[in-house]
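Some notes on the structure that comes next.
Taken together, the values in this text are just the output of simple stated rules run on the coordinates, not laboratory data. Only a predicted model underlies this, so the values are computations on that prediction, with no experimental measurement involved. Glycine also receives a Cβ, built like all others from the backbone with ideal geometry; neighbour counts cover every protein chain displayed.
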Amino acid sequence: MLQVNNLSCERANRELFRNLSFEVSRGVALRIHGLNGSGKTTLLRILAGLYQEFEGDVDWGEEHYPLYIGHRRGLKALMSARENLFWSAAINGQKTKLSEVDEALRQVSMGGYVDIACGSMSEGQCGRVSLARLFLLHNPVWILDEPFNAIDSTGVQCLVERINKHLSSGGILVLSSHVEVPLTNLQELELRY
Amino acid sequence: MRIILLTVKRDLLLYFRKPGDIFNPLAFSLLVISLFPLGVGPSADILGEISAGIIWVAALLTTLFSIDLMFKEDYEDGTLEQMILGREPLLLVVYGKIIAQWLVGGLVITLLSPLLGMMFYVNTDGILATVLALMLATPTMTLIGSIGAALTLGLNKGGVLIAILILPLYLPVLILGVAMIDTATAGDNYAGHVLWLAAILAISIGFAPLATEQGIRISLSE
């Protein structure tokens, strides 16, 4: 369970949010939306533990080690889709078989691209490879920054199904998105300045 | 331990797929060195006198040029974020990255140093000492350099700043190393220099990665 108390953050002398408090319990998704520059990415990075310049409390309980997928997709251009995912699992302390990696890539319809270097893929394909992590890693907490960007409609559908499955098994999701997402158990948070 | 090996393997793979990152600094340093006999003239006396210093400056330059890229790409493509957030300790990943960096940089220049020594009329004792000294000093250079690389991550003009930050820290290693080669060339006992270089290396192995780890966290928090 995620508890946020009196969170305030300032960037470049502009206040992004002040005294923000909210809770996300297991099985619930929180969608953060707001205008460009309203602090969505900063808030997600604070929640992930990547950005420290804030005041207030962020308490994940026992669920640290979130799976964070940000604007930078975390893929090496010179490594194949398979190598990239295998590395992601390893750095996450997970021992993975190559067959599991291939299966995760099949789930996001990238089964035919396992040996292709991510540098020679399209933007949307890279997005899919990076989202294949959701099928491979076992983190109970997901933090996704604009996961629907550059992904086609079948990809969105596949992702929504995966998220709903994650929520029904007691996972937590915090995401930012400009579009409405058809998720069960959705909470909304709007950032305005 | 597994994550150290995996990181070394991953980084070596990336270096081999993009050899320019490693080869260009090395080629530049070798070219600079080979200009000295042409510029100063082929007199064995003069070349022998300046050889140790030149070889060391070459080793320093190679380290400096390649260390700049150590974390940069991982930072830009977001894999560094994963390293911070993953369950495996960032410190071990940092060790792995330093080892890989040394294998393709410091180790290569160490192995090439006998060739450079011959170019400068260094005698057999001197060449042996050069190899030994570089073997002990290049890991220290990579370790200390990684701190600079981590601290200058988010900055655009990182390269120059790294040089200003870490070159002063290289001075003890440089002074000891050059003195060691000169002592050996003169035929004297250089055990003391070896012990000092080894001691500096041991301290660097213990502490530099800790500083590097913190540096990465600070840079990523921008």
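Taking the Cα centre of the protein assembly as shown as origin, work out the dipole magnitude from +1 charges on Lys and Arg Cβ and -1 charges on Asp and Glu Cβ, in debye rounded to 20.
680
Given that compact globular proteins tend to follow 2.2 N^0.38 Å, what is the ratio of the alpha-carbon Rg of the range B:35-178 to that value?
Compactness ratio reported: 1.19.
For the pairs A:LYS40/A:LYS95; A:LYS40/B:LYS72; A:LYS40/B:LYS9, note any where the Cα-Cα span goes beyond 28 Å. Can you show the working numbers first?
Details: A:LYS40/A:LYS95 33 Å; A:LYS40/B:LYS72 25 Å; A:LYS40/B:LYS9 36 Å.
Long pairs (Cα-Cα over 28 Å): A:LYS40/A:LYS95; A:LYS40/B:LYS9.
Provide the per-residue ³J(HN,Hα) series for the range A:165-174, in order, calculated from phi with Karplus coefficients 6.51, -1.76, 1.60 and θ = phi - 60°, each as a whole number of Hz, with x at glycine and proline positions.
These are the phi-based 3J(HN,Hα) values: 5, 4, 5, 5, 8, x, x, 10, 9, 10 Hz.
Using the count of nearby Cβ atoms within 10 Å as a rough guide to exposure, how do A:ARG106, A:ARG73 rank from fewest to most?
In order of increasing Cβ crowding within 10 Å: A:ARG106, A:ARG73.
Which residues' amide hydrogens lie under 5 Å from the amide hydrogen of B:GLY78, considering only partners 5 or more residues apart or on another chain, with H built in the peptide plane?
Close amide H contacts, sequence-distant or interchain: A:GLY74.
Multiplying the sequence separation of B:ASN156 and B:LEU210 by 0.36 nm and subtracting their Cα-Cα distance, what value in nm do you get?
Full-extension gain reported as 17.1 nm.
Can you tell me how chain A classifies by the Cα gyration tensor, rounded, prolate or oblate, using a/c under 1.5 as the rounded cut?
Here chain A falls in the prolate category.
Among A:ILE143, A:ILE91, A:ILE69, which one shows the highest mean-square fluctuation when chain A is modelled as a Gaussian network with alpha-carbon springs under 10 Å?
A:ILE91
Once amide H atoms are placed 1.01 Å from N in the peptide plane, what residues at a sequence separation of 5 or more from A:TYR68, or on another chain, have their amide H within under 5 Å of its amide H?
Those lying under 5 Å, H to H, from A:TYR68 are A:ILE143.
Can you list the HN-Hα couplings for the range B:95-104, worked out from phi with the Karplus curve (6.51, -1.76, 1.60; θ = phi - 60°), rounded to whole Hz and with x for Gly and Pro?
After applying 6.51 cos²θ - 1.76 cosθ + 1.60, I find 4, x, 5, 5, 4, 4, 4, 5, 4, 8 Hz.
May I ask you to work out the translational diffusion coefficient for the protein assembly as shown at 10 °C, viscosity 1.306 mPa s, via Stokes-Einstein with Rh from the Kirkwood sum over Cα pairs, reported in whole µm²/s? Before the final figure, lay out each step's value.
Numbers: Rh = 23.6 Å.
It diffuses with D of about 67 µm²/s by this estimate.
Contact order normalised by length for chain A, with contacts defined as Cα pairs under 8 Å and 6 or more residues apart; what percent is it?
Result for chain A is 33 percent.
For the range B:76-119 and the range B:1-22, what is the separation of their C-alpha centers, rounded to whole Å?
Centre-to-centre distance over Cα atoms comes out at 8 Å.
What is the set of long-range amide H partners of A:LEU191 at a cut-off below 5 Å, with H atoms built 1.01 Å from backbone N?
Residues meeting the criterion, in which the H sits 1.01 Å from N, are A:HIS33, A:GLY34.
Once you put a point 7 Å from the Cα of A:ARG26 and another 7 Å from the Cα of A:GLU100, both along the Cβ direction, what distance in nm separates them?
2.1
With the contact rule set at Cα under 8 Å and sequence spacing of 6 or more, what percent relative contact order holds for the range B:2-220? Could the numbers behind the result be given before it?
Working: 250 pairs, mean separation 56.4, N = 219.
Normalised by residue count, the contact order of the range B:2-220 is 26 percent.
Can you put A:LEU136, B:LEU30 in order, fewest other beta carbons within 10 Å first?
Result, fewest neighbours first: B:LEU30, A:LEU136.
In whole Hz, what ³J(HN,Hα) sequence does the range B:9-19 give by Karplus (6.51, -1.76, 1.60; θ = phi - 60°), x for Gly and Pro?
Each residue's phi maps through the Karplus curve to give 4, 4, 5, 4, 4, 5, 5, 5, 7, 9, x Hz.
Where the centroid of each part is defined by its Cα atoms, how far is the range A:146-193 from the range A:16-44 in Å?
The range A:146-193 and the range A:16-44 have Cα centres separated by 13 Å.
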